[in-house]
Amino acid sequence: MAIVQASPKNQSRPRAASPGAHRSGAAAHAGARAPRQRGATAPAGADLKVSFPSPTRVRFTSARLFGDPRSATARDFFERAFQAQTVAQVEIDGRSGSAELFLDAPLARGEGVAALAALLTRPVGRTDDADALIFPDDFGRGSSRTIRLQRYDRRLSSWTVRHALPGRVRLYNPGLVRRRDVCQLVEREFMNTFGIDRYATNELTGTVLLHFNPKQLKLAQIIALLDAVTASAPDAEPSPVDLDLPINTASVALAVAARFFVPALAPVSAALFLYSVIPSFKSAYEVVVKEKRVGVDVLDAIVVTACLATNQVLAGTVLGFTLSVSRRLVQKTEDDSKKMLLNVFGKQPRFVWLEVNGAEVETPLEKLKLGDVIVIHTGETVPVDGEVVDGMAMVDQHTLTGESAPVEKVKGDPVLASTTLIAGKVRVAVTSAGDQTTSAKLTRILNDTAGYKLKSQSRGEELADKAVVPTLALGGLGYALTGVNAATAVVNCDLGTGIRMAAPIAMLTSLTLSAELGILVKDGRALEQLKNVDTFLFDKTGTLTRERPEVGRVLVYGNHSENQILAWAAAAEKRFSHPIAKAIVEKARELKLDPPAIDDSKYHVGYGITVSVDGHTVRVGSARFMEHEGIELPPALKREIEAAHEEGHSLVMVGVDDKLGGALELHAAERPEARAVIEGLRARGAKQLVIISGDHEQPTKKLAEKLGMDRHFAEVLPQDKAAYVELLQKEGRTVCFIGDGVNDSIALKTANVSISLRGASSIATDTAQVVLMEDNLTKLLQLRDVSQELSRNISRSWGVILIPNIICIAGALFGGFGVMHSMIFNQIGGMLAVGNGLLPLRKAAAIRQEKDRLQAQRLLPPPVAAG
């Protein structure tokens with residue numbers, strides 16, 4: 001007889017039994033409470049007691065059985081207890097020697113209790129692996145005397161549900177209590193997890209609050225991720241509790257009570273105030289004694305001392321409270337900004353559909369190996385970097401490359417993690433997964449960049465420290481003019497606190513805005529220095545021109561038309577993906593020419609390509625290839641080759657049968673946006689715009705004149721480009737080099753700022769400080785705008801900090817202002833500066849919203865035609 005019917009929410013849970021066939025001591029003693037025949041002897045360990053604290057709880061007490069929650073007996077009890085479909089949680093407390101079952105439904109007395117006892121005592125056979133319960137990886141480790149496990153399908157976990165709604169769950173784990181390091185690991189896990197919308201950890205309560213999309217992530221999968229985090233967390237001492245804000249809050253409340261209601265509390269209020277500001281005295285001690293300087297922290301200590309000496313405890317506590325709130329607010333703002341920044345390049349699914357013997361099996365991402373084949377369906381996010389082995393799909397890559405239009409992917413094409421399939425289905429062979437994907441590398445780079453400290457912030461702090469002595473002098477003047485109250489108010493007007501809050505936030509939000517624009521800033525210095533650049537040095541090939549050339553003239557020799565020569569060349573080249581092949585095929589497509597089919601049996605690739613098409617043997621390749629194949633080149637063609645070489649162009653020969661049929665002229669394709677970008681840089685203050693190229697003088701000069709450049713350097717080898725960067729720097733210029741992020745590494749490192757257009761594909765080897773993720777030069781103008789706006793943002797922050805403090809100093813010297821006035825003016829300046837630093841987030845959020853809207857539109861099914 002079953003205990004009770006499984007509740008609807010647990011009906012999917014498979015039954016699981018202990019792998020052993022023996023009866024454990026715990027199970028035997030649980031059975032002692034069942035009616036037994038007359039004359040039966042009591043089993044060993046008769047100290048077992050069973051009680052029912054509530055209709056949904058059953059408690060077993062036995063110090064011998066449950067004294068160690070990690071023993072084999074305890075594990076066996078867990079396995080047997082979870083055989084009951086209504087058992088949701090089991091807790092074993094070694095301190096009280098008890099085990100408790102938490103049920104989904106009330107347990108019926110009498111037969112229900114007997115059925116539970118029978119379930120705990122009956123022998124069980126070997127369990128199939130597909131039905132076996134999965135214990136947490138860290139079960140049996142640690143020193144906690146209490147273990148509580150909850151069942152999620154077959155998985156048992158130490159994470160228990162405190163409260164749950166559709167798409168929202170609050171989970172508890174005792175291993176999270178006062179463990180800041182574990183909280184950070186949890187946040188790091190969910191930061192880029194596809195399907196997690198929002199999350200928050202609380203180390204004091206040991207809980208995690210998650211908002212998630214149930215269509216993309218199941219609760220059991222979330223638990224699996226959390227179990228992996230706790231299993232990987234190292235043992236550590238509990239984190240110190242941050243009582244800064246609670247103590248300062250209590251200090252204000254006590255000061256108000258002592259001032260207005262119970263004067264006898266004044267000594268207690270002063271003592272609590274003194275305790276709350278101990279960190280200020282510690283900081284002042286560090287600065288004066290260890291660093292041998294007079295810093296802003298010294299002013300804070302003086303203000304606190306003055307408040308105590310003049311019995312202005314209430315004003316001092318309000319000051320401490322506002323500073324504490326400011327620190328908490330700034331910390332939260334920085335954390336939120338950093339999370340937004342690290343999410344820019346997309347999230348990765350943590351579970352994939354792995355192809356196993358022709359079937360799709362849901363598998364954790366970390367279990368994948370190189371070469372595994374996974375299946376990706378419409379609407380799903382690509383979880384790995386890989387290569388399509390079968391199928392066709394349209395992929396939205398805007399999160400990584402900035403491309404506005406979806407890209408078609410077929411067999412042989414690469415796909416990148418964190419991009420989205422908006423149509424189709426593909427099988428993908430894994431080339432890199434987890435932290436080796438392009439998306440993960442981008443996130444690591446952003447994480448490193450987010451820690452960069454602005455020079456303007458450092459200079460601001462230095463200036464604030466240098467202002468300490470003048471501030472003390474002004475405080476002395478205030479003391480001479482009006483007394484201690486004015487002197488304390490003046491000394492409280494420090495400038496360093498505000499800029500230390502505002503500058504990092506401005507940097508983080510600017511990095512976020514850049515990333516949303518498709519600009520990866522790998523070195524924070526570049527974003528700060530770009531505003532000072534007066535000279536932009538462009539590498540010609542691949543920067544002002546595209547890597548893929550264009551087909552210009554089609555030369556014909558013989559009785560063939562231009563379209564025939566181009567169509568035959570396209571037929572030979574259409575299987576290849578190198579730039580010349582793409583240029584020829586694209587030209588044929590522009591002219592709406594359909595390349596004829598080729599005879600695969602006569603397809604040959606050597607120094608060139610030989611194919612059979614339309615009954616002709618067509619050869620495509622260089623002049624040397626034609627000579628190798630015995631095809632004579634006419635003198636007129638040789639003159640064309642020399643002329644093309646002078647212009648920086650090249651010719652691809654097309655042989656038809658055993659004669660030269662024609663030639664295709666290839667020339668560098670100028671970027672259509674190049675002219676507008678050059679004009680935009682001049683409008684933004686650029687003084688010198690220069691081209692550098694390994695190409696010949698004539699084509700380099702021609703392009704420079706066409707674009708309106710100031711100078712050009714031609715026939716420069718890659719290893720020599722750095723010398724020209726140094727030449728410009730010796731002229732007193734601040735140089736930004738825009739070029740190939742891999743091959744121009746020396747020149748990139750020499751320049752003041754370096755930018756690459758190679759995009760996400762080469763991010764690991766790209767030595768540039770900034771990478772434009774989209775193959776579009778207009779991003780350079782957007783980057784210049786972000787850099788200049790960052791500078792203006794910091795200047796505004798200085799203004800909103802200085803003005804209130806100057807007013808306050810004047811008021812203290814001549815208007816009777818006291819500490820409370822000083823505190824108000826100082827905090828107004830600091831909060832306005834923080835708000836100013838957040839302004840770039842508004843633009844970033846608007847860009848993100850528009851991207852999400854476009855992606856949602858692409859994922860919508862096409863409208864059904866009426867009728």
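Structure above, values below:
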| item | result |
| --- | --- |
| Matching entry among Val318, Val330, Val289 (being assigned to a helix (DSSP H, G or I) and more than 39 Å from the chain's Cα centre (by Cα)) | Val289 |
| Residues that are closer than 13 Å to Arg792 by Cα and touching a Lys or Arg at 6+ places or on another chain (Cβ under 8 Å), drawn from the range 508-529 | Glu528 |
| Complete set of residues in the range 208-250 that are within 17 Å of Pro174 (Cα to Cα), surrounded by fewer than 18 Cβ atoms within 10 Å (Cβ to Cβ) and modelled with pLDDT of 90 or more | Leu209 |
| Test: residue in the range 104-111 that is assigned to a helix (DSSP H, G or I) and at pLDDT below 70 | yes |
| Residues satisfying the stated conditions in the range 598-628, i.e. of a type in the set (A, V, I, L, M, F, W, C) and at pLDDT 85 or above | Ile609, Val611, Val613, Val618, Val620, Ala623, Phe625, Met626 |
| Residue satisfying all of: in the range 449-476; farther than 20 Å from Met823 by Cβ and among the aliphatic types (A, V, I, L, M); modelled with the lowest pLDDT among these | Leu454 |
| Enumerated strands (runs of 3 or more DSSP E) restricted to the range 461-564, each holding at least 2 residues that are surrounded by fewer than 21 Cβ atoms within 10 Å (Cβ to Cβ) and in contact with a strand residue (DSSP E or B) (Cβ under 9 Å, 6 or more places away or on another chain) | 550-556 |
| Filter pass, Asp197 being at pLDDT below 90, closer than 22 Å to Asp336 by Cα and in contact with a strand residue (DSSP E or B) (Cβ under 6 Å, 6 or more places away or on another chain) | yes |
| Total residues in the range 396-414, condition surrounded by 19 or more Cβ atoms within 10 Å (Cβ to Cβ), in contact with an Asp or Glu (Cβ under 7 Å, 6 or more places away or on another chain) and at pLDDT 65 or above | 2 |
| Residue in the range 87-104 that is within 19 Å of Tyr152 (Cα to Cα), touching a residue at least 24 places away in the same chain (Cβ under 8 Å), crowded, with 19+ Cβ neighbours inside 10 Å and polar (S, T, N, Q) present | yes |
| Test: residue in the range 636-651 that is in contact with a Phe, Trp or Tyr (Cβ under 9 Å, 6 or more places away or on another chain), in contact (Cβ under 8 Å) with a residue 24 or more places away in the chain and not in a helix (DSSP H, G or I) | no |
| Close pairs from the range 228-250: first closer than 17 Å to Ser324 by Cα, partner of a type in the set (A, V, I, L, M, F, W, C) and surrounded by 14 or more Cβ atoms within 10 Å (Cβ to Cβ), Cβ under 6 Å, at least 6 apart | Asn248/Phe321 |
| Among (1) in a helix (DSSP H, G or I); (2) more than 19 Å from Met820 (Cβ to Cβ); (3) at pLDDT 85 or above, the one test that Cys307 misses | (2) |
| Residues satisfying the stated conditions in the range 151-168, i.e. touching a Pro at 6+ places or on another chain (Cβ under 7 Å) and either closer than 17 Å to Asp104 by Cα or not polar (S, T, N, Q) (or both) | Arg154, Leu156, Ser157, Pro166, Gly167 |
| Selection status of Gln348, buried (at least 19 other Cβ atoms within 10 Å of the Cβ) and modelled with pLDDT under 75 | yes |
| Only listed residue being modelled with pLDDT under 85 and not assigned by TED's automatic domain parsing to the domain that holds Asp594, chosen from Gly558, Gly496 | Gly496 |
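The values are calculated or read from the model by the stated rules, or taken from the named source; none is laboratory data. The shown structure was predicted, so the numbers you read here are calculated from the model rather than taken from an experiment. Virtual Cβ from ideal backbone geometry, glycine too; neighbours counted across all protein chains shown.
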